[in-house]
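First the structure, in the form of structure tokens, and then the observations on it.
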Amino acid sequence: MVFSYNWLKEYIKLPKPEKLAELLTMHAFEVEEIKKAGKPPHHNKGKRRGAKKTESALVWREGKDYVLDIDVLPNRGPDCFSHIGIARECAAFTNSRLQIPKFKLKEDKNLKTKDFVTVEVKNKNDCLRYTARVIANVKVGPSPKWIQERLKVCGLRPINNIVDATNYVMLETGQPLHAFDLDKISNKKIIVRRAKNREKIITLDNKRYNLDKDILAIADVKSPLAVAGIKGGKKAEIDKKTKTIVLESANFDSRIVRKGSKKLGLKTDASWRFEHRIDSSLTETGINRAAEIIQNIAKGKITSGLVDFYPKKVLPKKIKLDYRYLTKLLGLKIEKKDVKQILKRLGFKIIKEEHPILIVEIPTFRLDISLPEDLIEEIGRIYGFQRIPAAFPIVSLIPPKRNFEIFWEDITKNILKESGFTEVYNYSFIGEKESEVFKGAVEVENPMSVEQKYLRPSLIPNLLKNVIDNFRYFNEIKIFELGKIFIKKQDYNPPTASSRAKGAGPSRNKKQIEEKRMLAGLITGDAFYQAKGVVDSLLNKLGISNVWYDEYKPTPEQSKISIWHKERCAEIKVDGQEIGFLGEISSGIFKKTKVVIFDIDFEKLIKLCSEEHEYQPISQYPAAIRDLAVLVPLDVKVVDVLNKINVAGGALVRDVDLFDIYEGEGIVQGKKNLAFHIIYQAEDRTLKSKEIDKIHQKIIKILEENPEWEVRK
Amino acid sequence: MRKPLKIKTKGDKIDVTVPGEKPTVGHLHPLTLVKRKVEEIFQAMGFSVIEGPEIENEWYNFDALNIPKDHPARDMWDTFYLKNGLLLRTHTSPVQIRYMEKNNPPFRIIVPGRIFRHEATDASHETNFYQVEGLMVGKDVSAANFKAIIDEFLSRFFGKQVKSRLRPSFFPFTEPSFEVDMTCLVCNGKGCSTCSRTGWIELMGAGMVHPNVLKAGGINPKNWQGFAFGIGMDRLAMMKYKINDIRLFYSGDLRFLEQF
């Protein structure tokens, strides 16, 4: 929000603008920008994280005004969306006296406000206070230059002396006001009520809005005059011929203004302030100040008395501040006289003091203060948070708990990195198109774009996208990602009213969305066996044994939508439990190139990981290697051959290594040649050649029991 | 990708200037490297590393953190909503509550994790990014303690003496709240264009845990107090490696990733 430096200076002695900006930043609010008045505003709609821009060589001259763009913190709207509020902050950190000029209201004894206008508030929860005043015989015209200048510096457009006076008071005190032409109000009666469904209003800027019962209206007996706290209507607009005006200074419920403003898509200086709440006591100060200014600049007679609907008067709170707690929370000792001085400058009253307790009365304009911690913040920041020393805590030596999930994540990532894979982090979102292939995706209610309409139900679609993006620069890609996926649960029952009432919402196991960590890796090319080797080595290093790959047999229905090449994919199983998939992606869904992917349920994997590892004694006796080649039909699985060799060989076969698979030229049609190294070794003796021959022959015999298998001799 | 060099020579004499044969190893993501570094430093100071769900409900993400419904403070977090009152967590702070519900003080934890914001993306904004949350609760854990811990963290993380500076801020879940600036690394605090000549860089939000948050976590604020903070991990990585665009982290661009 922008503030005029000269305006602030009216209330308090100030350092030069740049110094002031620095002090404000350190003690109250960040100053986004300082600039000379008259320059076009520097639009910075971004959030507070954005880069700050300050004119570097700012030459300050007496008489010229400067604009400070101050990032008032959202809890300080009630008092600091006003020049007086900011000046009060300055008074505290510069330790000087705030001087708010007194003004005198000259009411006309013969005219009684209540004879001119009546106010009816239908619901006291919607409108906490409604204060009205009448000024008769005004002369509407342009406002004086000093008011126009101030409004312009603060980014408001001058309209006429009446409207300008109300805006001026809003910028000065923070109280939004509105002026109606009394002669345009039917029955001279103002009613504060909810709008009716389909009721319409044309606002001052000639825009038409449809209202409903969630929106608060200011109306006469016939129709709405204004959207309460948001915008005035055309019906009772001040114009050149206006003679008698009604000033409205009210306090509307922040929630209803917020809701209405959102619904209508209409944010105004007034709605912004009401949304952040305002002190109910302020309506009176605001209306009197506006009346005084209007009387000065537009003549007119102020009728005597206020029409004031104020059913529940706000009273100042009292807070017990323990001086010891202040020191303990900040870890900083502040002299008591400094504490008291700071509180005083901020407008707090110390009503009782009994060491180490202070009873502090909180002015009603500080809606943000309700706890001792709030007061401690006030004292701390004005004194200077930068003065808090660095002091290490004194604590028991409780060692941090080990996080096994992160431990295994780290190990997994290291193994894959060492296997030549590069780690990617992809978005947690996928687009509409991907969601048609990767089913079960959870829809985002308010997505940023069509490309991010769903939560990813699999890591695969974004990995495939990585291939497309990188293929221009790389012809071989090996990437992996470890991250969360989200899947809609079919059998979910929404939480009942009673379970929700407990506060904690749906319990974890009843969640309608399954959220779990997956590990997926991708290799481009005809790389099934390479990928399988990676998975084998990964599982082995994670201490997982008993790994098995099963041909994936989808139901006809599944195979239609399957992303996998149906002849080139497998289920990865550990102890009979499926933990993931390995396979080539079907060319039907990805045409760019062949890719092989492993996709593993990391939550299941973590449960199987083990750090336990036992050393196998190294045999002191030599090993002997014999080779064996066997010709088998093409559909025979290597594992079946291996099993036969192992069973026939028994304990003395220590290992069997497949080292060649060949089909084609020189081999009978429909057959393939498998070649193995068989390693023979005993733990207790050197095996004699004859002994090995005997076992080897036994293996050959058993293999050849199958008439279609032929051991090549 | 180029094919590896094949070398075949005769005799004993070798040319030591021939490039070596490099083993093919992959690369870890820069955010993984930063996360590990952060975890290592805090674990050395006795902080446990805790994680939590990315899909949250309004209670944990907002209400329990003293951010009531229909309060303008909720606008500070642009949120992605799902059906049935669920949402994508906008910070790692919900894990504070989840942890307090199950553990008794004193404790000190950090919570690294992915968070989400409904914001238009540009060089410094993303729809998903990473945060690390810190929480320390004890009998007399103070703002001064926070300052010592964070100064130590920053100095270890950046490998040189770095100082922090606390300024006023507002977060519903802390009171008092701080904006934490750190010495500008480009100019070492002398003032340059990166830090708008202030010598300081805005780094994170922090504060003393609000009594209502302790209560929501089942802890009596009369007996316990502590600090909490939240740092953007992407920002740490950007500062450490001088990366100028947050979107690179989620681009999957191997020309970027292979540099780490």
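The values are calculated or read from the model by the stated rules, or taken from the named source; none is laboratory data. What you see is a predicted model, and the numbers here were worked out from it, not measured in a lab. When we count neighbours, we look across all protein chains shown, and the Cβ atoms used for this are built from the backbone with ideal geometry, even at glycine. With ligands, DNA and RNA removed, areas are computed over all heavy atoms of the protein, side chains included. Shrake-Rupley method; radii C 1.70, N 1.55, O 1.52, S 1.80 Å.
Does any residue in the range A:535-553 that is within 15 Å of A:His613 (Cα to Cα) come within less than 8 Å, Cβ to Cβ, of a residue that is among the charged types (D, E, K, R) and part of a loop (DSSP other than H, G, I, E, B) six or more places away or on a different chain, and which pairs are these?
Cβ pairs passing all conditions: A:Gly543/A:Glu611; A:Gly543/A:Glu612; A:Asn546/A:Asp575.
Report yes if A:Arg150 is within 24 Å of A:Gly300 (Cα to Cα), in a helix (DSSP H, G or I), touching a strand residue (DSSP E or B) at 6+ places or on another chain (Cβ under 8 Å) and in contact (Cβ under 8 Å) with a residue 40 or more places away in the chain, otherwise no.
Working: within 24 Å of A:Gly300 (Cα to Cα): yes; in a helix (DSSP H, G or I): yes; touching a strand residue (DSSP E or B) at 6+ places or on another chain (Cβ under 8 Å): yes; in contact (Cβ under 8 Å) with a residue 40 or more places away in the chain: yes.
It is true that A:Arg150 is within 24 Å of A:Gly300 (Cα to Cα), in a helix (DSSP H, G or I), touching a strand residue (DSSP E or B) at 6+ places or on another chain (Cβ under 8 Å) and in contact (Cβ under 8 Å) with a residue 40 or more places away in the chain.
What pairs can you find where one residue is in the range B:243-254 and in contact (Cβ under 8 Å) with a residue 12 or more places away in the chain and within 10 Å of another protein chain (Cβ to nearest Cβ), the other is of a type in the set (Gly, Ala, Ser) and open to solvent by less than 10 Å² (accessible area, probe 1.4 Å), and their Cβ atoms are less than 9 Å apart, with a gap of 6+ or different chains?
Pairs found: B:Phe249/B:Ala237.
Residue by residue through the range B:49-62, note down the ones that are among the acidic types (Asp, Glu) and either more than 8 Å from chain A (Cβ to nearest Cβ) or open to solvent by less than 10 Å² (accessible area, probe 1.4 Å) (or both).
If the condition is that a residue be among the acidic types (Asp, Glu) and either more than 8 Å from chain A (Cβ to nearest Cβ) or open to solvent by less than 10 Å² (accessible area, probe 1.4 Å) (or both), then B:Glu56 is the only one that fits.
Only one of B:Lys83, B:Lys69, B:Lys37 is open to solvent by 60 Å² or more (accessible area, probe 1.4 Å), farther than 27 Å from A:Val72 by Cβ and not in a helix (DSSP H, G or I); which?
B:Lys83
I need a count of the residues in the range B:219-233 that are facing another protein chain (nearest Cβ under 10 Å) and within 9 Å of the chain's Cα centre (by Cα).
Residues meeting the conditions: 1.
Just name the residue that is farthest from the other protein chains (Cβ to nearest Cβ) out of those in the range A:360-374 that are touching a Lys or Arg at 6+ places or on another chain (Cβ under 9 Å) and assigned to a helix (DSSP H, G or I).
A:Pro372
From the residues in the range A:472-490 that are more than 25 Å from the chain's Cα centre (by Cα) and among the β-branched types (Val, Ile, Thr), which one is surrounded by the fewest Cβ atoms within 10 Å (Cβ to Cβ)?
A:Ile477
Which ones in the range B:164-220 are charged (D, E, K, R) and in contact with an Asp or Glu (Cβ under 8 Å, 6 or more places away or on another chain)?
Hits for the range B:164-220 are B:Arg165, B:Arg167, B:Glu175, B:Glu179, B:Asp181, B:Glu202.
Only one residue in A:Val2, A:Val72, A:Val31 is at pLDDT 85 or above, open to solvent by less than 40 Å² (accessible area, probe 1.4 Å) and in contact with a Cys (Cβ under 6 Å, 6 or more places away or on another chain), so which one is that?
A:Val72
So, of the residues in the range A:153-184 that are touching a Lys or Arg at 6+ places or on another chain (Cβ under 8 Å) and free of Cβ contacts under 8 Å to residues at least 60 places away in the same chain, which turns out to be most open to solvent (accessible area, probe 1.4 Å)?
Ranking the qualifying residues of the range A:153-184, first place goes to A:Lys184.
Out of all the residues in the range B:93-112, which are facing chain A (nearest Cβ under 10 Å) and either open to solvent by 10 Å² or more (accessible area, probe 1.4 Å) or free of Cβ contacts under 8 Å to residues at least 12 places away in the same chain (or both)? Spell out how you get there, then give the answer.
Residues of the range B:93-112 that are facing chain A (nearest Cβ under 10 Å), as a first pass: B:97-98, B:101, B:103, B:106-110, B:112.
Of everything in the range B:93-112, those that are facing chain A (nearest Cβ under 10 Å) and either open to solvent by 10 Å² or more (accessible area, probe 1.4 Å) or free of Cβ contacts under 8 Å to residues at least 12 places away in the same chain (or both) turn out to be B:Arg98, B:Glu101, B:Asn103, B:Pro106, B:Phe107, B:Arg108.
Considering only residues that are β-branched (Val, Ile, Thr) and at pLDDT 95 or above, which ones fall in the range B:51-78? So that I can check it myself, show each step before the final result.
Just the residues of the range B:51-78 that are β-branched (Val, Ile, Thr), to begin with: B:55, B:67.
B:Ile55, the sole residue that qualifies.
Which one of these does B:Ala144 not meet: (1) farther than 30 Å from B:Lys222 by Cβ; (2) in a helix (DSSP H, G or I); (3) without any contact (Cβ under 8 Å) to a residue 12 or more places away in the chain; (4) not aromatic (Phe, Trp, Tyr)?
The number of the failed condition is (1).
So is B:Ile41 at the interface with another protein chain (Cβ under 8 Å from one of its Cβ atoms) and under 21 Å from the mean Cα position of the chain (by Cα) or not?
Taking the combined requirement at face value, the residue does not satisfy it.
Which of the residues belonging to the range A:387-399 are at pLDDT 95 or above and either at positive phi or at the interface with chain B (Cβ under 7 Å from one of its Cβ atoms) (or both)?
Correct list: A:Ile388, A:Pro389, A:Ala390, A:Ala391, A:Phe392, A:Pro393.
Got a sec? Which strands (runs of 3 or more DSSP E) wholly within the range A:575-669 have at least 1 residues that are open to solvent by 40 Å² or more (accessible area, probe 1.4 Å) and either touching a His at 6+ places or on another chain (Cβ under 8 Å) or β-branched (Val, Ile, Thr) (or both)?
Working: elements: A:577-585, A:595-601, A:624-633, A:653-662.
Counting at least 1 such residues, we get A:624-633, A:653-662.
Can you work out which of the residues in the range A:9-27 that are assigned to a helix (DSSP H, G or I) and in contact (Cβ under 8 Å) with a residue 60 or more places away in the chain is farthest from the chain's Cα centre (by Cα)?
Going residue by residue through the range A:9-27, those that are assigned to a helix (DSSP H, G or I) are A:9, A:17-27.
Remaining after also requiring in contact (Cβ under 8 Å) with a residue 60 or more places away in the chain: A:20, A:23-24, A:26-27.
Values: A:Leu20: 32, A:Leu23: 30, A:Leu24: 27, A:Met26: 26, A:His27: 27 Å.
Checking each candidate, the answer is A:Leu20.
Mind checking whether some residue in the range A:501-511 is modelled with pLDDT of 90 or more, farther than 21 Å from A:Leu538 by Cβ and among the basic types (Lys, Arg)?
no
For the range A:375-471, give me every one of the helices (runs of 4 or more DSSP H) that falls completely inside it and has 3 or more residues that are open to solvent by less than 30 Å² (accessible area, probe 1.4 Å).
Details: elements: A:404-418, A:432-437, A:460-470.
In the range A:375-471, A:404-418, A:460-470 are the helices (runs of 4 or more DSSP H) which contain 3 or more residues that are open to solvent by less than 30 Å² (accessible area, probe 1.4 Å).
Looking for whichever is within 42 Å of the chain's Cα centre (by Cα), closer than 30 Å to A:Asn475 by Cβ and free of Cβ contacts under 8 Å to residues at least 24 places away in the same chain here; the options are A:Lys594, A:Lys566. Which one fits?
A:Lys566
What's the total number of residues in the range A:115-147 that are surrounded by 15 or more Cβ atoms within 10 Å (Cβ to Cβ), out of contact with any helix residue (DSSP H, G or I) (no Cβ under 8 Å at 6 or more places or on another chain) and of a type in the set (Lys, Arg)?
So the count comes out to 1.
Which of the residues spanning the range A:186-214 are free of Cβ contacts under 8 Å to residues at least 40 places away in the same chain, farther than 28 Å from A:Asp308 by Cα and either in a strand (DSSP E or B) or open to solvent by 90 Å² or more (accessible area, probe 1.4 Å) (or both)?
A:Arg198, A:Asn206, A:Lys207, A:Arg208, A:Asn210
What residue, among those in the range B:67-92 that are hydrophobic (A, V, I, L, M, F, W, C) and touching a Ser or Thr at 6+ places or on another chain (Cβ under 6 Å), is farthest from the other protein chains (Cβ to nearest Cβ)?
Among residues in the range B:67-92 that are hydrophobic (A, V, I, L, M, F, W, C) and touching a Ser or Thr at 6+ places or on another chain (Cβ under 6 Å), the one farthest from the other protein chains (Cβ to nearest Cβ) is B:Trp77.
Based on this model, can you work out whether B:Thr198 counts as touching a strand residue (DSSP E or B) at 6+ places or on another chain (Cβ under 9 Å), facing another protein chain (nearest Cβ under 10 Å) and free of Cβ contacts under 8 Å to residues at least 24 places away in the same chain?
yes
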